[in-house]
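Report on the following structure.
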Amino acid sequence: MMQQERTKVILGVIGADCHAVGNKILEHVITAAGYEVVNLGVLVPQEDFVNAAIETDAKAILVASLYGHGEIDCRGLRGRCEEAGIGDILLYVGGNLVVGKTDFHEVKEKFLEMGYNRVYEPGVLLERVIEDLQQDLQERGLSRD
Amino acid sequence: MELKNKKWTHDQFYAIRGEVLNQWPTGAAVDFAEAVKYHENIPAKKHFAKQLVKAKKNGRTLTQPRAGVALINEHINLLNFLRTEGEADLLPTTIDSYTRQNQYAEAENGIEESKRAGRSLLNGFPAVNHGVAGVRKVIESVNGPLQVRHGTPDARLLGEITLAGGYTAYEGGGISYNIPYAKSVSLEKTIYDWQYCDRLVGIYAEHGIEINREPFGPLTGTLVPPSVSHAVAIIEGILAAEQGVKNITLGYGQCGNLFQDIAAIKALEQLAEEYLNNHGYPDCVLTTVFHQWMGGFPQDEAKAFGVISWGAAAAALAKATKVIVKTPHEALGIPTKEANAQGLKTTRQLINMLADQPFPLSIEVQSEIDIIKAETRCILDKVYELGNGDFAQGTVAAFAAGVLDVPFAPSRYTLNKILPARDNHGAVRLFDIGNLPFTQDIIDFHQAKMNERAKAEGRNASFQMVIDDIYAISKGRLVGRPH
């Protein structure tokens, strides 16, 4: 019996950020939820996210930024995806996205405008991310069931 | 280049110095002879190394925050606020993450964007871009001892500029600023590049200028067992001492169980003295730093103050020479200066109240000291053996073999085989020993401790237990028990 192929998602920590702990736990949890995680680890440039998504035919890119430079690092990723012909891929971002304690609604608006489909506050439950991913894939007809 | 734990000759050092100073245009302004004169005029109260020695002598624990922003004037205001409002004894300059990766063009862009936005878009102070003159503006406008704190695998140019600028302390090391801070930089390269930094400090010492060096103790800051971080700290202490460094601070990140934390500082002091003496460096002044909890924090600020207070208490009772302070904004990223000052004042209050209360050397503390020492010796002696008597070569071989291994590290140069978890009393033990060269007694000890907890919780020790422990403090507990 042929095993059903699992949906692939790209995971990584963007820019000059080397926070590795959450990345390892995300990989574990998303894999346990039935996805194939292509984990690029830490210190990932934008082009590596795009290239990995093309090479593996991934359906979503999950970007993390913990160190405060998220605003500079995350800008333009949607544009790169469009240029590379994967403009409609799901883009999620989460972490401590800006320097300083800031109103999350403002942060969320800023990143939605940048073209991210989902923006997560610090301390988000990973179950919610998995639920959102399932729902978004289903809406796009990319769900496994 | 062949990596060896051997003091660089002046010829060796100066052969590559020009290349280092050429990495960014601001390197041209570094003038060593002039920098020595500049250091000679730094008063003792602003001298980091001297303040540490004084605190050690008086049995005091000094407070130090982390802090850094993109622009010079804002950075000065921030540090002065932490000194006056936060009552900080020692001050930092935390370097931004682009500079840490030697991305000076990106740092320049961050400076420009910060000017336009009217707020810092960088998570630290880009000292290389500001250059010697910019750094001196900070040194001269801030009334306190200043240290460079960062996370830079190749910190040679940053070292040249900040030390010539007048900093009297420099954090980092070839292991502790590689394994937790890089993905694919070899240990041969980072140890070699940090020998340069240590040799630079050693050459300042030859000219009578004392500069403190501090390897980064907590490593990944995530359930790192004391013996694992102690082994790295002592190796980095030895590597620094070989290059002529005379004033060394070794560090440890709080685990959360008071007996283990006090024992860890005692064991670190005793072992470091012993190893430095036995390996030919009896003239180093050693001090200790205790890092308040480095893992995830509660978002609720009142609860965060609880975590900060517990770290302050442990640091004071362990008699660490200084404590690195967290803030109530920890769960949300980089704090405001007000939140930073609050963490400092909370810590100050605890330290003052505990200053006159000696903590008795109980059986519990002594047995923790014994186990930490026994484990650390197993690792250090194996590293030395693998290097055929050379700690630099031994370190490279030991990481490849998993004899040195750091949990949850981003670097591909650590095996990542060990898995820590808390025991039933919250002390950090090893649920998976990996390839650590422990004796059977020690392996049995860890297994018994894990079994005791697993039984109490009615589940098997597994990766889920490790995850539960990683999030436990941010969810209001020490041990990650099942619901």
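The values are calculated or read from the model by the stated rules, or taken from the named source; none is laboratory data. Given the structure is predicted, the values throughout are model-derived calculations rather than measurements. Quick reminder, even Gly has a Cβ in these numbers, built from the backbone with ideal geometry, and neighbours come from all protein chains shown.
Counting only residues that are surrounded by fewer than 24 Cβ atoms within 10 Å (Cβ to Cβ) and closer than 21 Å to residue B:479 by Cα, segment B:309-324 holds 3 of them. Quick check, is residue B:439 over 22 Å from residue A:21 (Cβ atoms), surrounded by fewer than 20 Cβ atoms within 10 Å (Cβ to Cβ) and within 14 Å of chain A (Cβ to nearest Cβ)? Taking the combined requirement at face value, the residue does not satisfy it.
For (1) in a helix (DSSP H, G or I); (2) modelled with pLDDT of 95 or more; (3) hydrophobic (A, V, I, L, M, F, W, C); (4) within 30 Å of residue B:114 (Cα to Cα), each residue gets a yes or a no:
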site	(1), (2), (3), (4)
B:17	yes, yes, no, no
B:28	yes, yes, yes, yes
B:37	yes, yes, no, no
B:55	yes, yes, yes, no
B:67	no, yes, yes, yes
B:81	yes, yes, yes, yes
B:88	no, yes, yes, yes
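Residues that are of a type in the set (Ser, Thr, Tyr) and crowded, with 24+ Cβ neighbours inside 10 Å were ranked within segment B:118-158; the one that is nearest to residue B:30 (Cα to Cα) is B:152.
Summed over segment B:390-408, the residues that are among the charged types (D, E, K, R) and more than 17 Å from residue B:5 (Cβ to Cβ) give a count of 1. Taking the condition within 19 Å of residue B:154 (Cβ to Cβ) and in contact with a helix residue (DSSP H, G or I) (Cβ under 9 Å, 6 or more places away or on another chain), does residue B:96 pass? Yes, satisfied.
Within segment B:95-119, residues that are at the interface with chain A (Cβ under 9 Å from one of its Cβ atoms) and among the hydroxyl-bearing types (Ser, Thr, Tyr) have Cβ atoms under 7 Å from residues that are part of a helix (DSSP H, G or I) and surrounded by fewer than 24 Cβ atoms within 10 Å (Cβ to Cβ) in these pairs: B:98/B:106, counting only partners at least 6 apart in sequence or on another chain. Number of residues in segment B:90-117 that are in a helix (DSSP H, G or I) and surrounded by fewer than 24 Cβ atoms within 10 Å (Cβ to Cβ): the value is 12. For segment A:99-145, name all the residues that are free of Cβ contacts under 8 Å to residues at least 24 places away in the same chain and touching an Asp or Glu at 6+ places or on another chain (Cβ under 7 Å). A:104 - this is the single residue of segment A:99-145 that is free of Cβ contacts under 8 Å to residues at least 24 places away in the same chain and touching an Asp or Glu at 6+ places or on another chain (Cβ under 7 Å). Has segment B:57-70 got at least one residue that is without any contact (Cβ under 8 Å) to a residue 40 or more places away in the chain, crowded, with 17+ Cβ neighbours inside 10 Å and among the hydroxyl-bearing types (Ser, Thr, Tyr)? No - not one qualifying residue is present in segment B:57-70. State yes or no: is residue B:372 surrounded by 22 or more Cβ atoms within 10 Å (Cβ to Cβ), within 22 Å of the chain's Cα centre (by Cα) and at negative phi? It is true that residue B:372 is surrounded by 22 or more Cβ atoms within 10 Å (Cβ to Cβ), within 22 Å of the chain's Cα centre (by Cα) and at negative phi.
Among the conditions (1) away from chain A (no Cβ under 14 Å); (2) surrounded by fewer than 23 Cβ atoms within 10 Å (Cβ to Cβ); (3) assigned to a helix (DSSP H, G or I), the only one that residue B:51 does not satisfy is (2).
Based on what the data block shows, is residue A:94 free of Cβ contacts under 8 Å to residues at least 40 places away in the same chain, among the small types (Gly, Ala, Ser), within 14 Å of chain B (Cβ to nearest Cβ) and not in a strand (DSSP E or B)? For residue A:94, the condition - free of Cβ contacts under 8 Å to residues at least 40 places away in the same chain, among the small types (Gly, Ala, Ser), within 14 Å of chain B (Cβ to nearest Cβ) and not in a strand (DSSP E or B) - is not met. Residue pairs whose Cβ atoms lie under 6 Å apart, separated by 6 or more positions or on different chains, with the first residue in segment B:8-23 and under 23 Å from residue B:127 (Cα atoms) and the second assigned to a helix (DSSP H, G or I) and not β-branched (Val, Ile, Thr), are B:13/B:199; B:20/B:156; B:20/B:157; B:21/B:27; B:23/B:157.
Matching residues to (1) within 14 Å of chain B (Cβ to nearest Cβ); (2) under 15 Å from the mean Cα position of the chain (by Cα); (3) among the aromatic types (Phe, Trp, Tyr):
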| site | (1), (2), (3) |
| --- | --- |
| A:46 | yes, yes, no |
| A:59 | no, yes, no |
| A:65 | yes, yes, no |
| A:76 | yes, yes, no |
| A:80 | no, yes, no |
| A:86 | no, yes, no |
| A:89 | no, yes, no |
| A:98 | yes, no, no |
| A:112 | no, yes, no |
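Conditions tested, residue by residue: (1) of a type outside the set (A, V, I, L, M); (2) under 19 Å from residue A:33 (Cβ atoms).
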| site | (1), (2) |
| --- | --- |
| A:55 | yes, no |
| A:58 | no, yes |
| A:64 | no, yes |
| A:73 | yes, no |
| A:100 | yes, no |
| A:105 | yes, no |
| A:119 | no, no |
| A:130 | no, yes |
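Scanning segment B:76-89 for residues that are more than 14 Å from chain A (Cβ to nearest Cβ), aliphatic (A, V, I, L, M) and over 11 Å from residue B:344 (Cα atoms) gives B:76, B:79.
Under the condition of being of a type in the set (A, V, I, L, M, F, W, C) and assigned to a loop (DSSP other than H, G, I, E, B), which residue from segment B:169-198 is farthest from the other protein chains (Cβ to nearest Cβ)? Among residues in segment B:169-198 that are of a type in the set (A, V, I, L, M, F, W, C) and assigned to a loop (DSSP other than H, G, I, E, B), the one farthest from the other protein chains (Cβ to nearest Cβ) is B:175. Restricting segment B:235-255 to residues that are small (Gly, Ala, Ser) and not in a strand (DSSP E or B) leaves a set whose member that is nearest to the chain's Cα centre (by Cα) is B:237.
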